[in-house]
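The values are calculated or read from the model by the stated rules, or taken from the named source; none is laboratory data. All of these numbers come straight from a predicted model, not from anything done at the bench. Cβ atoms come from the backbone with ideal geometry, glycine included; neighbour counts cover every protein chain shown. For accessibility, only protein heavy atoms count, side chains too; no ligands or nucleic acids. Shrake-Rupley method; radii C 1.70, N 1.55, O 1.52, S 1.80 Å.
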Amino acid sequence: MSGPNGEPHVPAGSVGRGEEGDDDGFGETEYAAINSMLDQINSCLDHLEEKNDHLHARLKELLESNRQTRLEFQQQSEGQNMQDVQGPHADV
């Protein structure tokens, strides 16, 4: 079970004390807690990667849309300039 900050709940008496026979000072409970935290971190990173991929795709769509709009605006502007250069005397 996780604590309020997502930290696993480890009984106070077992922290820092491994099970008998462990030379490294960590027991099964501590390793299970660490594995649980690593799994949570991995899950969060996967979620962030998915969001990043989605945002990247949306930004590419926006960039392409802006390019298309700019090209259309330039074409309209060039067409307007051609009409202005020809002036009203072109019909006569």
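Assigned to a helix (DSSP H, G or I), open to solvent by less than 100 Å² (accessible area, probe 1.4 Å) and at pLDDT 65 or above, is that true of D24? Full working, then the answer.
Numbers: assigned to a helix (DSSP H, G or I): no; open to solvent by less than 100 Å² (accessible area, probe 1.4 Å): yes; at pLDDT 65 or above: yes.
For D24, the condition - assigned to a helix (DSSP H, G or I), open to solvent by less than 100 Å² (accessible area, probe 1.4 Å) and at pLDDT 65 or above - is not met.
Residue by residue, here is whether (1) at pLDDT below 95; (2) open to solvent by 70 Å² or more (accessible area, probe 1.4 Å); (3) assigned to a helix (DSSP H, G or I); (4) touching a strand residue (DSSP E or B) at 6+ places or on another chain (Cβ under 9 Å) holds:
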residue: G13; (1), (2), (3), (4): yes, no, yes, no
residue: R17; (1), (2), (3), (4): yes, yes, no, no
residue: Y31; (1), (2), (3), (4): no, yes, yes, no
residue: C44; (1), (2), (3), (4): no, yes, yes, no
residue: L48; (1), (2), (3), (4): no, yes, yes, no
residue: L63; (1), (2), (3), (4): no, yes, yes, no
residue: N81; (1), (2), (3), (4): yes, yes, yes, no
